[in-house]
1. How many angstrom lie between the C-alpha centres of segment A:298-325 and segment A:206-263?
2. Can you run the Rg to Rh ratio on segment B:113-250? Use alpha carbon positions and the Kirkwood inverse-distance Rh.
3. What is the angle, in °, between the Cα long axis of helix B:99-109 and the longest principal axis of the Cα atoms in chain B? Nearest 10 is fine, range 0 to 90.
4. Report the percentage of all Cα-Cα pairs in segment A:174-305 whose separation exceeds 16 Å, rounded to a whole percent.
5. Mind checking the dipole of segment A:393-464: about its Cα centre, +1 per Lys or Arg Cβ, -1 per Asp or Glu Cβ, Debye to the nearest 20?
6. Can you give me the pair-distance distribution of segment A:320-464, C-alpha pairs, 5 Å bins, whole percents?
7. List the residues whose amide H sits under 5 Å from the amide H of A:V78, counting only those 5 or more places along or on another chain, with H placed 1.01 Å from N in the peptide plane.
8. Under 5 Å between amide hydrogens, which residues at least 5 positions from A:I227 or on another chain qualify, with H placed 1.01 Å from N in the peptide plane?
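Quick note: the coordinates plus some simple rules give every number you see, no bench work behind them. Values in this document were obtained by computation on a predicted structure and should not be read as measured data. Heads up, the Cβs are rebuilt from the backbone with ideal geometry, glycines too, and the neighbour counts pull from every protein chain shown.
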Amino acid sequence: MSREAFVDSSRFEFTSRTDYSYVSEKGFTESLVREISGRKDEPGWMLQLRLNSFRAFSRIHDPSFGVDTGLLDLGEIVAYLKPNASRERAWEDLPVEIRETFEKLGIPEAERNSLSGAGAQYDSEVVYQNIKRELEELGVVFLDMESAVKEYPELVKKYFMKAVPATDHKYSALHGAVWSGGSFVYVPKNIKVKQPLQAYFRMNAASSGQFEHTLIVADEGSELQFIEGCSAPRFNELNLHVGMVEIFVLKGARVRYSTIQNWSKNTYNLNTKRAIVEEDGTMEWISGSLGSMKTMLYPTTVLKGRRARAEHLGITYAGPGQHMDTGSKVIHLAPETSSIVDARSISTGGGWAFYRGLLDISERAVNSKSAVQCTAMMIDNDSRSDTLPIISVDNSSSNIGHEARIGRISEEQIFYLMSRGLSESEAKAMIVRGFVEPVAKQFPVEYAVELNRLINLEIEGSIG
Amino acid sequence: MSLLRVENLHAVLKESMEEILKGVNVKVNSGEIHAIMGPNGSGKSTFAHVLMGNPKFKVTSGSITLDGVDLGDLSTDERAKQGMFMTFQHPQEIPGIRLRSFLIAASGELGNMESPIMKSRKIDRLSIDNSFDKDLVDRYLNVGFSGGEKKKSEIVQMQFLKPKLVVLDEIDSGLDVDALKVISKSINSFRSERNGIILITHYERLLEYVVPDYVHVYVDGSVVASGGPDLAREIQQSGYERYAVSLREV
């Protein structure tokens, strides 16, 4: 017997009656693209970017790898839902049903306790965005993407969809055409933001798409931690999430981007994340891919400057009905660059976890170092794991370590733990918690606790 | 009433249906130490695993009774809750789970409701008693432990969880003399009127430090001879060959 408790736990499983000021027709057309741009009162260059993207989208086919998109009928997706709320800086000013949604998800509390600022997106629009005044005074910018287009046009023009061009793949093109919401962050030179900024994305309507764009520019010598969380109630119809994250880590800067993806299991999550790292910069991706029905996500770091560093830590969970095609890409372009990849997956109850990785060390990237480790644990015989790590090294002075392991949970370990009084399900859950621990401990503490709670619920719930 | 009563126990390896326990009889009273000695490959460890309910094996006839409770149908964790415990010849490594938090969780399952702080203090004290490096308590369970450290970890677990009946499976293998002395001391101090101990060992060396009340010679899946501590010394001098032969003649 298996239960789908992992993402559909009661904490996320509620819908809110919402008042929308605008809901687009189903499907994707050029007139929809113009409509979105017009409603956002965008400058001409952004409309042009959208239209170019839309043309690319019409030309490009689905990727030839990854999840089956056969069930996904784009003609049934509502691309743009604008809640009847203006952007607020105080939770009290939000419509009550939206405020209650985020309160149930614990966002205002987290902001008070441990964040430098928080943003909250409800369907297509950011409804709340706030940053501590003292950071604002230091010049740190934390805005919804639409406001940034208007208030920081030069910065946005310089960076928007420059790490991931629309033509990258079909869904980056779709994203460029209909993006809505998301955050813009600029951290000035040598400013170190101590507490994280957090953005939370909530899909509340059936058959809807969410297309938020997150753009982070960490100027020279700055530091930032950014946390992204997301969830949706479960619907019978499919939902679509095609977000994009672009991060520019300038000379000597350091960015850590943590995600807990917890979409409901009716969601196609086709997401693109990429960082470009300049000299002596550091990029860290901490990814927890837990929810959704089908996911394709390969956070990418391009190590462009000398001594740039990347660290990719990921946990992927594939439960009943889930196909999670996740991984990482690290492209070493400069000398003495280094990267660490630690990707772990758990598959259970017939779930399928596929690790797809690329490590590319170019001819110029002499004296580089990389250690790639991908480990998959299958809880039962119905589940599936694959690993496809591709490593390409074009110079002879670099040092590469690679390790890939796929295994079932060990009967001997279970017996050992049971001999100390743990039930079979507790023993299994403990082994799984231990398996993810090295990555889980990198998450903000409330997410790590949540992760453990969900593992207990799912693993213990899935056994007899 | 005996604390542990094993009567005419037969068991097979599930995978091959090969019989690996061929009618074992053992009675252990509270306060007693029994040594089970036998040559390599005689199935002594298997006996420990069958007592603990390892699902690789199936009991085909006979019975195991602990403190009046028939363990026959109980799973491994239920046996642990009845007070059964074994130390492993090769303790498993569990990455990501710290020995301290594991012991606190396991003792909770066994009904110890003390506060985690109290438990934590006891674990620290036991690790000092066993000259078990205190840092190891906060490392992942058995991961990267040396052979001797793993054995000490087993003994710390035994002392902390306070079972009624312990089976120490080759606790002496791979230990240097100093570690053997430490572990022997812990076993002797653990011994009480509330528990019984079975030492499974290949060598007589351990029995110089932990003196058993009874010695059983175990060959090819059953006990072929029983006696007092003298029997161990006799085996040390003349080996197991005699018993193997006598069995074949039967």
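1. 13
2. That ratio equals 1.04.
3. The angle comes out at about 70 degrees.
4. Summing the P(r) tail past 16 Å for segment A:174-305 gives 62 percent.
5. Dipole about the Cα centre, nearest 20: 100 debye.
6. Going out from 0 Å in 5 Å bins, segment A:320-464 shows 2, 9, 16, 17, 17, 13, 9, 7, 5, 3, 1, 0 percent.
7. Under 5 Å from the amide H of A:V78 lie the amide H atoms of A:G27, A:S208, A:G209, each far enough along the sequence or on another chain.
8. A:L197, A:Q198, A:A199, A:S258
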